[in-house]
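Accompanying notes for the structure given below.
Just so it is clear, none of the values below were taken in a lab; they were calculated from the coordinates. Computed from a predicted model, the values in this text were never measured in an experiment. Counting neighbours? That spans all protein chains shown, and the Cβs are built from the backbone with ideal geometry, glycine included.
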Amino acid sequence: MLTGADQAAGLRQQVRDFLAGHDPAALPRLDFLRARFDAGLAWVHYPAGLGGQGLPRALQAAVDADFAAAGAPDNNPARIGIGLGMAAPTILAYGSEEQQRRWLRPLWTGEEVWCQLFSEPGAGSDLAGLATRAVRVPGDGEAGGGWRVTGQKVWTSIAHAARWGLLLARTDPDVPKHAGLTYFGLDMTGHGVEVRPLRQLTGEAEFNEVFLTDAAVADTDRIGGVGEGWRVAQATLMNERIAIGGGALPREGGMVGVAANAWREHPEARTPGLHDRLIRLWADAEVARLAGARLRQQLAAGAPGPEGSAAKIVFARLNQELSAFDLEFAGPGGLRYDDWTLRRPEALSFFGRGPGYRYLRARGNSIEGGTSEILRNIIAERVLGLPAEPRTDTRVPWKDLPR
Amino acid sequence: MTATKDSDTDGTRPTSAVPDLRYSDAEEQLRAVVRDLLADRSAWPAVLAGVDAGEADDAALWHTLAADLGCAGLLIDESRGGAGASYREAAVVAEETGRAAACVPYLTSAVMATTALLGAGDDELLGALAAGRLTAALAVGFAGPPPAPGARAGSWPVRVARPEDGEAPGAARLTGTVGGVAGALAADVLLVPGDGVPLRLYAVDATAAGVTRTPLVSLDATRPLADVTLDRVPGRPVATGEAAAGAVAAALTAGAGVLASELFGVAEQCLGTTVTYVKERRQFARPVGSFQALKHRLADVWIAVTQARAAARYAAACLTAGDPDTPVAVALAKAACGEAAVLAAQECVQLHGGIGFTWEHPAHLLLKRAKSGSLALGTPDRHRAALAALVDLPPPAAE
């Protein structure tokens, strides 16, 4: 068996060989990315034939660094974060071989952007109570027939640029809520899909509302079995929490670096109280970074468990407190805001723009991807094994629940 | 896909390289052996009985842990009779002694005094410590300053008189009082920093004439403290000048770093005890652990414990590797683990309700171990102040 060092050396030789045959300066960007995927150098922990080589995930960083050092184009990961962080692991875990071959390559190259159609106006924390209906229509063109989907989704990042949506819909209202859900890949460019911007408290519209009216989904685009949607959705959600709270960063990466650099550059604005807060936040952020690294070491081979919920709670708290610090430290500039016009950003950035924006955007961190309160329930029940609160909604058919 | 620096050392570490923070199989095996011993010999009724009898130090248990299991020699290389292990293993043992609130001088002898002697390079004493024949303590107040990078001797409380007529030229006589020394009562040998230029570190027979060890009533009765008074006591120099200052600083740094792991063990034990209790305790015809108010508090404790573990493992890894980041790692770990232990112990008392406030329930042993451990060898606030200097986040200039 090869050691980690042998594997790493072999991979880096592969990168050199690949670059020798594919000049990043000469090839069109998309051609280069497709060739990189086909060479198994996209995400080395994915299986062979799907952009990877079945190697440890930890080896990816050196591959990315070598491509970056060679001036190669990347796949603009900030623009396709939902595809990379949530859709891809879900498709890998629950998709058919044909779906994996069809979807993963254009997902990774960025040709096809993915969004997530989970939350609804009536189903936020209680996601399993969602009402969007998928009704089977027999013999509808594709083999095995298809589905017609009607309902409303909300808080859909990047839907306006998306080709595909990860859709959770109700296929059986006559069984209890968790049992009647099915998971699909929805073609966002099809008929009956209407995307409207949802303006948020920062002034911009990073999110959308998506209205579905008899939107068509082929049965071949169903991910997992009929009625198994809740289980598939758990994989997406666990990966989402890792994606939000668990990214690998260097020391002082993210919001803490913004605050620390501001402190160093503006001695005139320092006060004892802010110093105490900053040191506490710096220490907490560095410990959280180490905990994230430890979690990734544990996950190197396996799937994310509920432990990712802790990373996400801590990330949200730190981002909120650091951005509040940042705004207080900004002096008179803290009373200003850069721009209230309705923008539609194509990539998500928690750290961009001014301190006022960062402060306001951070309020969403403890709501999106599972509120901090729901995540505490998950930790208490799934990690600590504490008993669930008595509930009345999990055993009766969904259609009989009061709404 | 950001890359900060090349990772050509072993190729398996991410670009923002963090050492392996998991427990190795060997570390887990060591833990299992120590946990079995402490479950058998240091169950909390026995700990409480020892405290009540005023005989906190469990000499028989310490001999088994130190000599029979070889835990006293973890940091000592095999050529000197030790196990040739590292701070990573030592930290795992500390987690278990913390979890059990065990009354053994493990931290003070097998970590702090041993680190000082490793710095001094004293083969004879190291061999005796590794074999469990002798127990040592560094004669420095356990409240301690936070170890700072490049810390040098200031004004140490013990003065040194030159050899008298007819004595060996190297011999010296030590006089002074060191307040609040942990592990002094169980020690056969005291390692005493003697003030002066150059600073010297002396080995002193703890039973010699002129040595008085006055037991204190300590907040944490499972870790006895004593004032150590020396009156013209002969001492053998084991390190001089830079070597002596370095040995003492290294002992304080390693002590704080491994104490962080001990505090992590306390925190995890408090959480586990509390979770078990709230599943069993019924009020309003429900287990109290089904109430969301309690679940969220315990989730927060679990988060603090999870974060603290990463910090403690990072400190142990840095101490093991002699990493230049060790001062940062130890300051982070000591602050984080101290606060996590205090949070977990306070919640342990609160969520046990009335029984948690009694003398008969072990929660108070863990609370006292947690609080005094978080104060010892630098409070969380002092470690954060040290951190501010280390990472270039200076306080406001004085008015």
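Please name whichever of B:GLY132, B:THR97, B:ALA363 sits farthest to the positive end of the charge dipole of chain B, dipole taken about the Cα centre and charges placed at Cβ: Lys and Arg +1, Asp and Glu -1.
B:ALA363
Report ³J(HN,Hα) in whole Hz for each residue of the stretch A:26-37, in order, from the Karplus equation J = 6.51 cos²θ - 1.76 cosθ + 1.60 where θ = phi - 60°; Gly and Pro get x.
Calculated HN-Hα couplings, in order: 9, 7, x, 3, 5, 4, 4, 5, 5, 5, 5, 4 Hz.
Treating cross-link reach as a plain straight distance, find the aspartates and glutamates whose alpha-carbon is under 17 Å from the alpha-carbon of A:LYS399, omitting any fewer than eight places away in the same chain.
A:GLU120, A:ASP126, A:ASP172, A:ASP174
State log₁₀ I(q)/I(0) for the stretch B:247-390 at q = 0.13, 0.19 Å⁻¹ as given by the Debye formula over alpha-carbon point scatterers of equal weight, solvent excluded.
Debye output, listed in q order: -0.57, -0.99.
Whole-Hz ³J(HN,Hα) for each residue in the stretch A:41-46, computed from phi via Karplus 6.51 cos²θ - 1.76 cosθ + 1.60 with θ = phi - 60°, x for glycine and proline: what do you get?
Computed from phi, the couplings for the stretch A:41-46 are 10, 7, 9, 5, 7, 7 Hz.
Peptide A:272-284: average number of partner chain Cβ atoms within 10 Å per residue? Mind dumping the intermediate values first?
Values: counts 2, 1, 2, 7, 5, 0, 4, 11, 6, 0, 6, 14, 5.
Average per residue, whole number: 5.
What is the dipole size for chain A, taken about its Cα centre, with +1 at each Lys and Arg Cβ and -1 at each Asp and Glu Cβ, in debye to the nearest 20?
The dipole of chain A has a size of about 500 debye.
By what distance, in whole Å, do the Cα atoms of the stretch A:1-125 stretch along each of the three principal axes, largest value first?
53, 38, 26
Using amide H atoms built in the peptide plane, which far-off residues or other-chain residues are under 5 Å from A:GLU120 H to H?
For A:GLU120, whose amide H was placed from the backbone, the distant partners under 5 Å are A:VAL154.
Taking the alpha-carbon centroid of each part, what is the distance from the stretch A:118-190 to the stretch B:166-217 in angstrom?
Computed from Cα coordinates, the inter-centre distance equals 76 Å.
Please give every one of the lysines within straight-line cross-link reach of B:LYS295, meaning a C-alpha to C-alpha distance under 30 Å, and leave out same-chain neighbours fewer than 8 residues apart.
Once the sequence-local lysines are set aside, what remains near B:LYS295 is A:LYS177, A:LYS312, B:LYS279, B:LYS334, B:LYS368, B:LYS371.
Under a 5 Å amide H to amide H cut-off, with H placed in plane at 1.01 Å, what residues pair with B:ALA172 once short-range neighbours are removed?
Excluding prolines and chain starts, which carry no amide H, the hits are B:GLY235.
Mind checking the angle between helix B:242-280 and chain B's longest principal axis? C-alpha axes, 0 to 90 degrees, to the nearest 10.
Approximately 20 degrees, to the nearest 10.
Percent of Cα-Cα pairs per 5 Å bin, from 0 to the last occupied bin, for the stretch B:159-242, please list those.
3, 15, 25, 23, 16, 9, 5, 2, 1, 0
Projected onto the charge dipole of the protein assembly as shown (+1 at Lys/Arg Cβ, -1 at Asp/Glu Cβ, origin at the Cα centre), which of A:ALA293, A:VAL149, B:PRO327 gives the Cα projection farthest towards the positive end?
Farthest towards the positive end: A:VAL149.
Short version: ³J(HN,Hα) in whole Hz for each residue of the stretch B:82-94, in order, from phi by Karplus 6.51 cos²θ - 1.76 cosθ + 1.60 (θ = phi - 60°), x for Gly and Pro, what are they?
Whole-Hz 3J(HN,Hα) from phi for the stretch B:82-94: x, 9, x, 8, 8, 5, 4, 5, 4, 5, 5, 4, 5.
What does the charge dipole of the stretch B:25-134 about its Cα centre add up to, to the nearest 20 debye, if the Cβ of each Lys and Arg holds +1 and the Cβ of each Asp and Glu holds -1?
That gives a dipole near 100 debye.
As a test of the formula, what do you get for chain B when each DSSP H run with n ≥ 4 contributes -39,500 (n - 2.57) and the sum is divided by the residue count, at 222 nm and rounded to the nearest 500 deg cm²/dmol?
On the way: 11 runs with 178 residues, N = 399.
Helix-only estimate at 222 nm: -15000 deg cm²/dmol.
Which shape class, rounded, prolate or oblate, goes with chain A when its Cα gyration tensor gives a ≥ b ≥ c as root eigenvalues, a/c under 1.5 marks rounded, and past that a/b bigger than b/c marks prolate?
Oblate, because a/c is 1.5 or more while a/b does not exceed b/c.
Taking the alpha-carbon set of chain B, what are its Rg and Dmax in Å?
Looking at chain B, its Cα Rg and Dmax stand at 21.7, 82 Å.
Skipping prolines and chain starts, which residues have an amide H placed within reach, meaning under 5 Å, of the one on A:LEU55, given they are 5 or more residues away or on another chain?
Long-range HN contacts for A:LEU55: A:HIS45, A:TYR46.
Roughly speaking, what is the centre-to-centre gap between the stretch B:105-138 and the stretch A:357-403 when only Cα atoms are used, to the nearest Å?
The stretch B:105-138 and the stretch A:357-403 have Cα centres separated by 52 Å.
Which value in deg cm²/dmol, rounded to the nearest 500, describes the helix-derived mean residue ellipticity at 222 nm for chain A, given -39,500 (n - 2.57) per DSSP H run of n ≥ 4 and division by the residue count? Each step should come with its number before you reach the end.
On the way: 11 runs with 151 residues, N = 403.
Computed ellipticity for chain A at 222 nm equals -12000 deg cm²/dmol.
Tell me, for the protein assembly as shown, which Cys residues have no other cysteine's C-beta sitting closer than 4.7 Å.
Result for the protein assembly as shown is A:CYS115, B:CYS71, B:CYS103, B:CYS318, B:CYS337, no neighbouring Cys Cβ within the cutoff.
From the Cα gyration tensor of the stretch A:87-190, with a ≥ b ≥ c the square roots of its eigenvalues, which class applies: rounded if a/c is under 1.5, or else prolate if a/b is larger than b/c, or else oblate?
Details: a/c = 1.70, a/b = 1.25, b/c = 1.36.
Oblate shape, in that a/c is at least 1.5 and b/c is the bigger or equal ratio.
Note down the magnitude of the dipole of the protein assembly as shown about its Cα centre, charges +1 on Lys and Arg C-beta and -1 on Asp and Glu C-beta and zero elsewhere, to the nearest 20 debye.
1640
Using only the alpha-carbon atoms of the protein assembly as shown, report the extent along each of the three principal axes, biggest first, to the nearest angstrom.
Cα spread of the protein assembly as shown along its principal axes, largest to smallest: 108, 70, 61 Å.
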